[in-house]
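Reading through the structure tokens given below for one structure.
The values are calculated or read from the model by the stated rules, or taken from the named source; none is laboratory data. What you are looking at is a predicted structure, and each value in this text was computed from that prediction instead of being measured. A quick note on method: Cβ atoms are made from the backbone with ideal geometry, for glycine too, and the neighbour counts reach across all protein chains shown. These area figures cover heavy atoms from the full protein model, side chains too; ligands, DNA and RNA do not enter into them. Shrake-Rupley method; radii C 1.70, N 1.55, O 1.52, S 1.80 Å.
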Amino acid sequence: MTSGWIPMDGGGFTPPSTEDFNFSGLMNGAAWLNKPMLQLVISVILIAVVFVWGSRNLQIVPGKRQWTFEFLYDYIRNTVGRDVIGRDYQKWMPLLFPMFLLIIVNNWFGEFFYFMFPTFSNIGYVYGLVILVFVLFIGVGIKAHGIAYFKLATAPADVPKLLWIIIIPLEILSTFVVRPVTLSVRLFANMFAGHMSVLVFIGGGTYLLTYANNILFNVSGGLSWVLGMAIIGLELFIGYLQAYVFTILTAQYIASSINVGH
């Protein structure tokens with residue numbers, strides 16, 4: 001029994017908790033193969049299938065299907081790749097565009113009743129993406145500047161050497177600690193909080209709607225469901241926004257590694 005409204009028959013409402021974000025393995029001896037992992041695999045297959053279908057029979061004058069896919073690609077290309085990275089942005093599009101799609105699809109899984117769970121509300125999957133970005137922007141910096149990248153990234157040339165004792169620790173913290181931490185927390189916290197809100201309003205609303213012989217509770221349950229549906233709509237927007245922010249920050253980190261010291 002947990003805290004919540006207690007009906008006359010002795011039952012009770014169990015509020016959502018972090019336990020709702022833990023999933024056991026779908027197969028014996030394979031604890032890693034759980035619902036979030038399955039969703040991640042489904043998202044990759046879904047994206048691949050949709051874009052194979054969308055790229056069929058390409059024409060100079062695009063039809064509605066081709067126009068839709070080109071519009072989506074151009075949106076990320078122009079607002080993220082070209083505007084953030086600038087020169088040679090095209091070679092980064094095979095990373096940035098699929099990353100955006102992967103994140104938005106897995107975020108939107110939280111609003112579809114068959115799945116009803118945003119994959120990136122599980123922090124482990126967010127860490128996987130952030131480690132990829134972290135290794136990538138450091139690798140890009142080393143490729144562009146050699147081992148001198150670390151000096152350029154932590155000891156700006158226009159800063160007097162007397163201030164290096166203050167600036168270098170701050171730059172190390174900012175570049176190699178704050179970046180991955182904030183990138184992780186931003187995506188995870190938004191997906192976690194949004195899904196928890198949906199569970200509270202939908203779960204609590206269902207309980208109140210089915211509470212016997214109490215009109216006030218039943219009406220409150222109906223209002224809770226209405227608010228829950230509104231939150232689901234809001235989460236669709238937040239899922240898109242977080243996918244876009246994660247992608248644009250990835251592009252910004254790549255650009256900063258390429259242009260470090262300038």
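Summary table below
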{"read-out": "Cβ-based net charge around residue 242, under 11 Å, with every Lys or Arg adding one and every Asp or Glu removing one", "value": "0"}
{"read-out": "Percentage relative contact order, the stretch 93-184, counting C-alpha pairs under 8 Å, at least six apart", "value": "20"}
{"read-out": "Accessible carbon and sulfur surface of the chain relative to its total accessible area, %, 1.4 Å", "value": "70"}
{"read-out": "The chain: DSSP helices with Cα axial extent of at least 15 Å and average Kyte-Doolittle hydropathy no lower than 0.5", "value": "35-54, 93-108, 123-145, 179-209, 215-258"}
{"read-out": "When the convex hull of its Cα atoms is projected in every direction, mean area for the chain (nm²)", "value": "20.7"}
{"read-out": "Relative packing of 46-59, 131-144, which averages over residues the other C-beta atoms within 10 Å, highest first", "value": "131-144, 46-59"}
{"read-out": "For the chain, accessible area per residue (1.4 Å probe, heavy atoms of protein chains only), Å²", "value": "57"}
{"read-out": "Sum of -39500 (n - 2.57) over DSSP H runs of 4+, divided by residues of the chain (222 nm, nearest 500)", "value": "-21500 deg cm²/dmol"}
{"read-out": "Relative contact order computed over the chain (Cα-Cα under 8 Å; 6+ residues apart), in percent", "value": "24"}
{"read-out": "Cβ-Cβ FRET estimate between residue 143 and residue 65, R0 fixed at 51 Å, reported to 0.05", "value": "0.85"}
